[in-house]
Every structure is written in structure tokens, then in C-alpha cells.
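Participant: Take this structure, written in C-alpha cells, and hold onto it; I'll ask about it next.
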Amino acid sequence: MTTTSSTGAERGWDRAVFRCGRCGAVRAVIAEDDYLATVGAHRDAHAVWDRLNLIERDGLVSILRTILSAPDLALELLALSQRHPVTYPPTSEQEASR
């Protein structure tokens, strides 16, 4: 038995456009799964953005610009985070090792 994946056009999709009523962003996709993922990611981005104050927003944008411009850096940072988990508040052992 072989299965083939169908494209959006084969399933009746030509193109779907998402327009955000909050910020005016426009995203176009050609498959239903992509549309759902796009809308979900945009909604999640608004949820994160809304929780940040102005200073945190500036910091996040700066970090994202740096990391997104260097994919290798992003991978290395993720690897470092797994090798050095952070606990809050820092224990006395962690303080002493600094």
C-alpha cells in the first residue's frame, strides 16, 4: 500500500489569507495545516508580546535578531542550556562556582 500526500490545491485549497485584527499582519498559505500553524504561531506571539514590558520587548527583539541571523549560534545556545540548567533561586553551590 502506498500513500501520497496531497497538496492544498488537491484538497480544494488554492490559497488562504490570514489578517490579524490586532496588528494588521497578513499571512498567506496554500494548505490548511499551514494556515492553522500560522494562525496558532501568530496568536502565541501576541500572547508572549502582551506579557512583556517595554524593556523586555527591546531585549527579546535584540536577542532574536542576533540568534536568527546566526542559526549555528542558536544551536550552540540550546546545547549550552541543556548542559547548564538554571535553578531559581541559585543555590549556594552555584553562587560559589561563579
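Throughout, read-outs are computed from the coordinates displayed, never taken from laboratory work. Computed from a predicted structure; not experimentally measured. For neighbour counting, all protein chains shown are included, and Cβ atoms are generated from backbone atoms with ideal geometry for every residue, glycine included.
Participant: Order the peptides 53-65, 34-46 from the highest to the lowest mean number of other Cβ atoms within 10 Å of their residues.
Facilitator: Put in order of decreasing packing, that is 34-46, 53-65.
Participant: How do 25-32, 14-21 rank on mean C-beta neighbours within 10 Å, highest first?
Facilitator: 25-32, 14-21
Participant: For region 70-78, take each phi angle, set θ = phi - 60°, evaluate the Karplus expression 6.51 cos²θ - 1.76 cosθ + 1.60, and give the result in whole Hz per residue in order, putting x for glycine and proline.
Facilitator: With coefficients 6.51, -1.76 and 1.60, one gets 9, x, 5, 4, 4, 5, 5, 5, 5 Hz.
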